[in-house]
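A short write-up of the structure that comes next.
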Amino acid sequence: MGKTIAEIVGENRAKFSVDADQTVGQVIEYMYGNKVGAVAVCDGDNVVGVFSERDLLRRVVHEALDPDRVAIQDVMTSPVFWISMDERYEVAKAIMVDKDVRHLVVKDGKRRFRGFVSSRELLEADLWDSRDLVGKLNDDYYAHQFQP
């Protein structure tokens, strides 16, 4: 059975977030400095959107907007799709496919923002699960093949 979101993101995941009234330019600097591809956009403690490299390309660069004059809230992806830390990663994959998103906001049992899980992380979890399964199948196969 697959991992939970908590097993993938860990308990101490960094929470990269920006304020909704910041400019795109400020957010780009923040993302670049932290080497992240997406951030939560917050209004106080409430996550109101997500801004990713994909949003930058589609909603800012393609539209020839000035990053220093546009508020992040005007180009973020909203509504926000989220998943609980205790859900299995297969549920996250299904949400991402259904909603056509690459990042999900992760919340704890009290619905507090705990970070993101990305499609890349889910792919890595799939690979580890597949490796485990193949290993178990091989072990079982060889155990039966070479028994007297």
- Given the conditions (1) polar (S, T, N, Q); (2) under 24 Å from ARG111 (Cα atoms); (3) assigned to a helix (DSSP H, G or I), which single one is not true for ASN12? (3)
- Message: Condition first: surrounded by 17 or more Cβ atoms within 10 Å (Cβ to Cβ) and either more than 18 Å from the chain's Cα centre (by Cα) or outside any helix (DSSP H, G or I) (or both). Now tell me which residues in region 21-36 satisfy that.
- Response: GLN22, THR23, VAL24
- Please verify whether region 111-131 includes one or more residues that are at pLDDT 95 or above, part of a strand (DSSP E or B) and among the hydrophobic types (A, V, I, L, M, F, W, C). no
- Name, by its number, the condition in (1) modelled with pLDDT of 95 or more; (2) buried (at least 18 other Cβ atoms within 10 Å of the Cβ); (3) under 24 Å from LEU123 (Cβ atoms); (4) not acidic (Asp, Glu) that does not hold for LEU104. (1)
- Message: What's the number of the only condition in (1) within 14 Å of the chain's Cα centre (by Cα); (2) assigned to a helix (DSSP H, G or I) that VAL60 fails to meet?
- Response: (1)
- Evaluate region 64-78: report whether one residue or more is within 21 Å of GLU121 (Cα to Cα), in contact (Cβ under 8 Å) with a residue 24 or more places away in the chain and polar (S, T, N, Q). yes
- Query: closer than 18 Å to ALA20 by Cβ and either in contact with a Lys or Arg (Cβ under 9 Å, 6 or more places away or on another chain) or surrounded by 17 or more Cβ atoms within 10 Å (Cβ to Cβ) (or both), is that true of GLY44?
  - Reply: no
- region 10-25: number of residues that are under 14 Å from LEU56 (Cα atoms) and free of Cβ contacts under 8 Å to residues at least 40 places away in the same chain: 0
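The values are calculated or read from the model by the stated rules, or taken from the named source; none is laboratory data. All values derive from a computational prediction rather than experimental measurement. For neighbour counting, all protein chains shown are included, and Cβ atoms are generated from backbone atoms with ideal geometry for every residue, glycine included.
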